[in-house]
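Structure first, commentary second.
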Amino acid sequence: MTNHCLYCDALIMNEMDWINIIFPKKEPALCQECRGKLEPIKGELCKFCSRPLKELDPKFITEHTCLDCIRWEQDPQWKGTLDKNISIFVYNDFLKEFIARFKFRGDYELAKAFSEEISSQIKNIEHDQLVSIPLSEERLKERGFNQSEALARQAGFSAYDLLIRTHSEKQSKKSREERLTQNQVFQLKQSTNIFQGKNILLIDDIYTTGSTLRQAGKILKEAGANQVQSLTVARG
């Protein structure tokens with residue numbers, strides 16, 4: 001049996017034996033070379049955002065927390081809005097290009113490349129509801145799909161579409177300071193008590209400054225959520 005790498009289109013040869021015939025394995029989405037370019041996040045991590053602490057000067061770390069997250073938690077407006085972020089891969093050059101192709105060039109099928117890792121994480125993170133980070137109507141028309149929903153769907157899960165993005169300016173074009181000081185960009189789709197006392201898991205593609213996820217977490221906590229965590233493919 002053969003298939004092709006979703007990213008580079010290289011031919012992937014699958015071993016055939018009687019076990020694979022009776023119990024066929026899921027076809028790999030990426031060839032070994034492309035899969036090898038993905039760097040799993042490991043080692044000692046910031047307890048809030050999954051940033052590898054080995055890349056930081058020790059003076060910027062306090063109690064297993066990076067300086068960025070310390071600043072978030074010291075700000076009364078944002079303290080406790082996001083309980084924890086779990087990221088799977090380092091946002092290296094390969095993954096930057098991969099996600100750009102996925103998001104901005106509309107290659108929906110690339111979401112399959114992360115399905116096993118995302119599925120494993122979702123199953124291991126205690127939560128009541130999986131909620132996707134929405135795009136604005138303008139961005140959704142441009143791309144044709146919401147990357148957050150695609151990541152969940154390709155992993156075998158349905159993410160609730162319960163938030164509306166009210167600001168359409170691309171986050172990737174903003175400076176870090178602009179992201180930190182911008183006004184709330186989300187609204188609830190409807191007034192509801194669906195979040196009351198619930199543990200929410202947000203899903204998105206990249207954690208950069210954490211602003212987007214904390215804004216979503218803030219509005220969910222204001223709506224009664226007990227806990228808000230997030231799962232992202234990459235930690236920028």
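Derivation of every value follows stated rules applied to the coordinates shown; laboratory data play no part. Nothing here was measured: the structure is a model prediction, and the numbers come from that model. Using ideal geometry, Cβ is built from the backbone for each residue, glycine included, and neighbour counts are taken over all protein chains shown.
Worth a mention:
- Comparing R165, R143, R105 in a Gaussian network model of the chain where C-alpha atoms under 10 Å apart are linked, the largest mean-square fluctuation is found at R105.
- Here is the list for the stretch 63-170: GluC sites (Glu not before Pro) lying in DSSP coil, each with at most 13 other C-beta atoms within 10 angstrom of its C-beta, are E63, E126, E169.
- Label-point gap, in nm, between N92 and F60 - each point 7 angstrom along Cα→Cβ: 2.0 nm
- Beta bridges by DSSP in the chain, antiparallel share as percent, to the nearest 5: 35 percent
- Taking other C-beta atoms within 10 angstrom as a stand-in for reagent exposure, H127, H4 fall in the order H4, H127, fewest first.
- Partners for K79 among aspartates and glutamates (Cα-Cα distance below 15 Å; same-chain residues under 8 apart left out): D68, E222
- Net charge contributed by nearby residues that have their C-beta within less than 11 Å of N92 (K/R +1, D/E -1): 0
- Environment charge of F195, counting only residues whose C-beta is closer than 13 Å and scoring Lys/Arg +1, Asp/Glu -1: +2
- Value of [θ]222 nm, deg cm²/dmol, for the chain, DSSP H segments ≥ 4, -39500 (n - 2.57) each, nearest 500: -8500 deg cm²/dmol
- In this structure, the residue pairs whose Cα-Cα separation is over 28 Å, taken from K37/K84; K59/K112; K84/K141; K54/K198; K47/K123, are K59/K112; K84/K141; K54/K198.
- Entry note, the chain: relative contact order of 21 percent, from Cα contacts under 8 Å with a spacing of 6+ residues.
- Each Lys or Arg adds one and each Asp or Glu takes one away; over the other residues whose Cβ falls under 10 Å from the Cβ of I164, this sums to 0.
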